[in-house]
1. Please figure out what share of the DSSP beta bridges in segment 17-147 is antiparallel and state it in percent, rounded to the nearest 5.
2. Going by average Cβ neighbours within 10 Å, how do the peptides 161-173, 198-210, 95-107 rank, with the highest at the top?
3. How would you rank 145-151, 38-44, 113-119, 78-84, highest first, on the average number of other Cβ atoms within 10 Å across their residues?
4. If you find the alpha carbon centre of segment 48-96 and of segment 122-189, how far apart are they in angstrom?
5. Among 14, 46, 241, 3, what is the fewest-to-most ranking by other Cβ atoms within 10 Å?
6. Between residue 187 and residue 116, what is the label-to-label distance in nm when each label sits 7 Å out along the Cα-to-Cβ direction?
7. Taking just the alpha-carbon atoms of segment 125-214, what radius of gyration and Dmax come out, in angstrom?
8. Which pairs, out of 23/64; 136/228; 52/92; 18/221; 64/122; 23/133, put more than 19 Å between their alpha-carbon atoms?
Amino acid sequence: MRSYGLIGYPLGHSFSRKFFSDKFLRENKQEQYLNFEIPDISMLPSLIAGHKDLAGLNVTIPYKEKALTYMDYLDPVAAEAGAVNTIRIVRKPEGITLEGYNTDVTGFSESLRPLLQLHHRKALVLGSGGAAKAVKYALTMLGVVWLQVSRGENAENVVSYDQLDLRTIGQYQIIINTTPLGTFPDTETYPPIPYSFLTPEHLLYDLVYNPAETRFLSLGKEQGATIKNGYEMLELQALRSYEIWNRPDFTGKLG
């Protein structure tokens, strides 16, 4: 049986396995999708070697950046974004080749684009992990100026949470949570932004999808903001991953 899977730690919040299992059942495919909750990314090579039927993996927190060093070939988008969320495993007599991609960029872009209004020209990106890197890359491709918000970082285009004043919130009318705050089971946590400054002109997007409405989103909705969770992004990036896993054998270096 052809297999795919998800690596990360922990994985109790993820809907990926259910999404793919439902897809395979609906389409009568003899395939399976497994969760591999590994406590260290160094376990990746032995995991792949030990599961001979494994053709592809998705990558989630906290390994999207760490997985880069294990790739033999890297798609230009993943290289530019600096994060991998999809691994294609190519098995040949001479050995195993790992190809790295980032389908988060596609999933996020396609789910955000229909919500953008003319005044949505600047975005705050909350967080600094692999998901944030994909979001920043996607925003740049969409022509949206971004400012990253992170704890204790001092870099270009990065501010701290305590620097978010009325003027900044007024200028940046898209706010994207790429942190795990609010994810099940810690559903009462949320990013520390000044929610009272939000208006109906704001768009809040949470990459978290479990629960469907996080505290981040509900606090934004109370101020009249448009809200969206990350489930459509999950679906879109998952379908793109599946296409990559099942394309014909590649013929050359990707990046």
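Bear in mind that the values in this text are calculations on the coordinates, not laboratory data. Because the structure is predicted, anything quoted here is derived from the model rather than measured. Every residue, glycine as well, gets a Cβ built from its backbone with ideal geometry; the counts of neighbours run over all protein chains shown.
1. Within segment 17-147, antiparallel bridges account for around 65 percent of the total.
2. Averaged packing, sorted descending, gives the order 95-107, 198-210, 161-173.
3. By packing density, highest mean first, the sequence is 78-84, 145-151, 38-44, 113-119.
4. Each part's Cα centre sits 26 Å from the other's.
5. 46, 3, 14, 241
6. 3.3 nm
7. 12.8, 35
8. Checking Cα-Cα distances, 23/64; 18/221; 64/122; 23/133 exceed 19 Å.
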